[in-house]
Amino acid sequence: MSPTPHVVHTVADSPYGPLTLVATDSVLSGLYMAGQRHRPPQETFGEPDPRPFTEALRQLDAYFAGELTRFDLPLRLTGTDFQRGVWEQLRAIPYGETRSYGELAEALGKPGASRAVGLANGKNPIGIVVPCHRVIGSTGSLTGYGGGLDRKRRLLAFEGAAAGASAGPATARTPEPARTPAARRTPVAAPDAATLF
């Protein structure tokens, strides 16, 4: 009989509201936004304990300050083989770029599976670090996001992926550093500036 995994969590402030980080046996296994669709029940997050999250919190702070574009953290992604394949494809989408659900399905060798890719994308347990916000509709539309379309718009604008959008979230803790616009493979429909914040 295998031992029961040790699960703990901590809550951190972010420009997008509080983030709940979950670790299983000291490895990041969840990052959830307040009100997120498919967020597991709070009682599954274990006791509060910030110790396993030092590096994850450091990297998140650097990301939100515009200083980090790729996370380098050990992750414990629990899901089906197909879901884990989708989540690995998400991790390959560069900062400031987007991909469509169809492009991810093709990359997985399953060109007719864009809806299944969307479902797996929605069940991503480690938001932001596994950047499911970088997936858009085939027309460039901002389709669903477990953290809400407003947060998706803001994250894409922050990363420079939304043409003509504001450079960052209105509630950022530090001023956004000047950056050259990142190239992107798939165009994103520019949101109306009034709806970004």
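Read-outs: derived from the displayed coordinates by stated rules, not from any lab. The shown structure was predicted, so the numbers you read here are calculated from the model rather than taken from an experiment. Cβ atoms come from the backbone with ideal geometry, glycine included; neighbour counts cover every protein chain shown.
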Using only alpha carbon pairs under 8 Å that are at least six residues apart, calculate the relative contact order of segment 12-51 and give it in whole percent. 27
Classify segment 1-48: rounded, prolate or oblate, from the alpha-carbon gyration tensor (a ≥ b ≥ c, eigenvalue square roots; a/c under 1.5 rounded; otherwise prolate if a/b is larger than b/c)? prolate
Length gained, Gln42-Ser141, 0.36 nm per residue minus C-alpha separation, equals 32.4 nm
What are the trypsin sites (Lys or Arg not before Pro) within segment 50-104 that DSSP puts in a loop, where the Cβ has at most 12 other Cβ atoms within 10 Å? Arg70
Restricted to Cα positions, what overall size does segment 73-133 have along the principal axes? Three whole-Å values, descending. 31, 28, 16
So for segment 43-95, using the alpha carbon gyration tensor with a ≥ b ≥ c as root eigenvalues (a/c under 1.5 gives rounded; past that, a/b versus b/c decides prolate or oblate), I'd call it oblate
Pull out a ≥ b ≥ c, the square roots of the eigenvalues of the alpha-carbon gyration tensor of segment 1-97, then state rounded if a/c is under 1.5, prolate if not and a/b is larger than b/c, and oblate in the remaining case. oblate
